[in-house]
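Trainee: Can you read through this structure? Questions will come right after.
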Amino acid sequence: MVGGFQPTAGIEAQLLTLLAVFAIAGGVGVLTTKVVRIPYTVGLVLAGLTVSILDLPLRTPLSGELILLVVLPTLIFQSAMNIDTERLRENVGPILVLAVVGLVLSVGVVGVVGASVFGLSVAAALLLGAMAMPTDPVSVVALFDELGAPERLSVLVEGESILNDGVAIVLYSVVLSVLLEAQAEGVAASEVITSDLLVRDVGFGIVFAIVGGTLVGGVAGYVAYRLLVLVDDPMTGIVFTVVLAYGVYLLAEHLGVSGVIATLGAGLVVGTHGPGDEVSARTRLTLGTVWASAAFIANTVIFVAIGVATPLDLLAQYAGEILVAMVLVFLARAVVVYPLIELTNRRLADPVPRSYQHTIVWSGIHASVPIALVLGLPERLPAGLREELAALVFGVAAITLVVNGLTVARLIEYLGIVRTSAAERRYELLMGRLHGVDAALAGARELHERDDIPTEFYESIVSRYADWKRRLEDDVADLLDEHPHLREREALAAESQITRREILGIKTAMERGIVSTDVGNRLLEETERRLERVADDQRALDADSLDGERGRVPVPPEFEADERSADSSVDDDRRGDPDS
């Protein structure tokens, strides 16, 4: 009893469970950074499985509601706020094809093949596919952040993972309703399935979920964005975004559209960056820090919980079927991803490379959302069916989390996708610092304009940071002189961005009637051809840098010393530190 307050046993038990989870996470963090170089999220799952194997007294309250209503909105909103919207727009075609057409086809493959392999009805096998096939943004977002995957690859995988959740939930709901209706009427599920049901509930349902979720999220996100600009207070901004992330999810689900896609849309609108962004730098900084922390906590809780809650007895009982299900899920994904991307590539100015296709297939981790769906199966389904489905879904989740999670990094390295040299890491470090210095100068200006800091302090701070910026710019210039390929790559990237802005400006002029349609179309054709040439030059430069490099990319002898210099330059670069 403290201060006259006696906590209830339930609350105290939940608090102790949460503290135990964070203690495990702390230990995993130490091990994955200092002892064993594995992804943090995989370490959390392995730790949870260890707790389950040792039968330690830790029971996490894992449920479908916890994943779908608490964890998922946090991770999707945080990811959407930080995703590169330009990249997302460029790759929306392949993302939509994979997330909608690809998921429906892969669920169909599991339904047809799984019915004969597992002895299930086609409807039950389709339900298994609807639960097991969606790739998991909870896992993928965390894993790719740690791996430092290329931006385009991250956008492709994250975008598909988030969108196919909305599609999977529609399919899951339709198939489950068919099974329950057939069971209630005492007939085979095939008698309930009609062409009208497929068109109305599946086809229209998916379109309605995506379009409706996008509209709900976009409108809510715009309202929240204007409030952030109007109030201009970081703490109030946190409140607005929390209400937005969870409120728009619940509202969308209540309206019968996709809460996942609504949260994604809201996060994209609120996370808008660029020249037109009216949200202050200090609000952006605070929101970014808070939501990154929330996503980290959500990941920590859910991955440990999945490991602890995995039914090891069921996994042992259905071990053979689980291995078959794992192979089936992988093949169903592969036979859909490769052909669809190849077809999509024919219409893309910048095709998705084959190495990215391999990674997209192998990075299909099927964990949190599938587990949420299987935990939500109603008691009305036969107990034997629920048990088998739970074993298969948990088994696929455990295998993909551990096996795929541990091998994705090696696959990316083998394919030569991540190929940063010591010079490139040094360049990234310097550019990151430059962005930080620019943000600090912008923040200082804001504070001074609001009279939050005296002019004397402001001038002193600006002087120090301006001097640091000059030194950093000199270091960047020296590095680019030493490594001309970096200069060429950055010049092409800058030209690509500027050309895209030029295209946007021409389209705006056409919309406002400043330029006639025929003249505007001619200008667009010329500008788009220039953009294609830049893209060709970028691909050629990347190909040259990979010439003769297949398998593990050779590390230059000076790498260790250069990398140590880059990584330790927080301490070494006292000459450029504004506080030195």
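The values are calculated or read from the model by the stated rules, or taken from the named source; none is laboratory data. Remember, predicted model here, so these are calculated numbers, not experimental data. Because the Cβ atoms are built from the backbone with ideal geometry, glycine has one as well, and the counts that use them run over all protein chains shown. The accessibility values were calculated without ligands, DNA or RNA, using every heavy atom of the protein model including side chains. Shrake-Rupley method; radii C 1.70, N 1.55, O 1.52, S 1.80 Å.
Trainee: Got a sec? Which of G29, G10, G114 is at pLDDT 85 or above and assigned to a helix (DSSP H, G or I)?
Mentor: Just a single option satisfies the conditions, and that option is G114.
Trainee: Turning to a different aspect of this structure: Filter segment 51-69 down to the residues that are exposed (fewer than 15 other Cβ atoms within 10 Å of the Cβ), within 25 Å of the chain's Cα centre (by Cα) and in a helix (DSSP H, G or I) and list them by number.
Mentor: So the first thing to find is which residues in segment 51-69 are exposed (fewer than 15 other Cβ atoms within 10 Å of the Cβ), and the list is 53-57, 59, 61, 65.
Right, trim to within 25 Å of the chain's Cα centre (by Cα) and you get 61, 65.
The answer is E65, and nothing else.
Trainee: While we're on this one: Can you tell me which residue is farthest from V51 (Cα to Cα) among those in segment 287-319 that are polar (S, T, N, Q) and part of a helix (DSSP H, G or I)?
Mentor: T289
Trainee: Also, I was wondering about something else. Considering L285, L312, which residue is among the aliphatic types (A, V, I, L, M), surrounded by fewer than 16 Cβ atoms within 10 Å (Cβ to Cβ) and more than 25 Å from V393 (Cβ to Cβ)?
Mentor: Testing whether each residue is among the aliphatic types (A, V, I, L, M), surrounded by fewer than 16 Cβ atoms within 10 Å (Cβ to Cβ) and more than 25 Å from V393 (Cβ to Cβ) leaves just L285.
Trainee: Mind checking whether some residue in segment 466-479 is modelled with pLDDT under 80 and either surrounded by 12 or more Cβ atoms within 10 Å (Cβ to Cβ) or in a helix (DSSP H, G or I) (or both)?
Mentor: Restricting attention to segment 466-479, the residues satisfying the condition of being modelled with pLDDT under 80 are none.
No, segment 466-479 contains no residue that is modelled with pLDDT under 80 and either surrounded by 12 or more Cβ atoms within 10 Å (Cβ to Cβ) or in a helix (DSSP H, G or I) (or both).
Trainee: Please go through segment 228-246 and give me each residue that is under 19 Å from V216 (Cα atoms) and either touching a Cys at 6+ places or on another chain (Cβ under 8 Å) or surrounded by fewer than 17 Cβ atoms within 10 Å (Cβ to Cβ) (or both), ordered by number.
Mentor: Matches in segment 228-246: V242, V243.
Trainee: Select from segment 515-525 the residues that are open to solvent by less than 80 Å² (accessible area, probe 1.4 Å) and assigned to a helix (DSSP H, G or I) and write down the one among them that is nearest to R489 (Cα to Cα).
Mentor: L524
Trainee: Would you mind finding the one in G395, G432, G384 that is over 30 Å from P39 (Cβ atoms) and either among the aliphatic types (A, V, I, L, M) or part of a helix (DSSP H, G or I) (or both)? Can you show your working first?
Mentor: Working: G395 fails: over 30 Å from P39 (Cβ atoms); G432 fails: over 30 Å from P39 (Cβ atoms).
Among G395, G432, G384, only G384 is over 30 Å from P39 (Cβ atoms) and either among the aliphatic types (A, V, I, L, M) or part of a helix (DSSP H, G or I) (or both).
Trainee: Determine whether segment 267-277 contains at least one residue that is in a helix (DSSP H, G or I) and surrounded by fewer than 18 Cβ atoms within 10 Å (Cβ to Cβ).
Mentor: Checked segment 267-277: no residue is in a helix (DSSP H, G or I) and surrounded by fewer than 18 Cβ atoms within 10 Å (Cβ to Cβ).
Trainee: Using the structure shown, decide if I322 is touching a residue at least 40 places away in the same chain (Cβ under 8 Å), out of contact with any Gly (no Cβ under 8 Å at 6 or more places or on another chain), open to solvent by less than 20 Å² (accessible area, probe 1.4 Å) and not in a loop (DSSP other than H, G, I, E, B).
Mentor: Considered against the rule, which asks whether it is touching a residue at least 40 places away in the same chain (Cβ under 8 Å), out of contact with any Gly (no Cβ under 8 Å at 6 or more places or on another chain), open to solvent by less than 20 Å² (accessible area, probe 1.4 Å) and not in a loop (DSSP other than H, G, I, E, B), I322 comes out as no.
Trainee: Do we find that L381 is under 27 Å from V304 (Cα atoms) and in contact with a helix residue (DSSP H, G or I) (Cβ under 8 Å, 6 or more places away or on another chain) in this structure?
Mentor: Working: under 27 Å from V304 (Cα atoms): no; in contact with a helix residue (DSSP H, G or I) (Cβ under 8 Å, 6 or more places away or on another chain): yes.
No: the conditions fail for L381.
Trainee: Okay, next question. Could you give me the residue pairs with C-beta distances under 9 Å whose first residue belongs to segment 352-366 and is of a type outside the set (K, R), whose second residue is surrounded by fewer than 24 Cβ atoms within 10 Å (Cβ to Cβ) and in a loop (DSSP other than H, G, I, E, B) wherever it lies, and which are 6+ apart or on separate chains?
Mentor: That search, which allows pairs on different chains as well, returns V352/N91; P353/I417; S355/G416; S355/I417; Y356/P150; Y356/I417; T359/I417; I360/V352.
Residue by residue, here is whether (1) open to solvent by less than 50 Å² (accessible area, probe 1.4 Å); (2) at pLDDT below 90; (3) assigned to a helix (DSSP H, G or I) holds:
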position	(1), (2), (3)
V71	yes, yes, yes
T74	yes, no, yes
R87	no, yes, yes
P94	yes, no, yes
V100	yes, no, yes
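Trainee: Yes or no: R333 in contact with a Ser or Thr (Cβ under 8 Å, 6 or more places away or on another chain), open to solvent by less than 60 Å² (accessible area, probe 1.4 Å) and in a helix (DSSP H, G or I)?
Mentor: For R333, the condition - in contact with a Ser or Thr (Cβ under 8 Å, 6 or more places away or on another chain), open to solvent by less than 60 Å² (accessible area, probe 1.4 Å) and in a helix (DSSP H, G or I) - is met.
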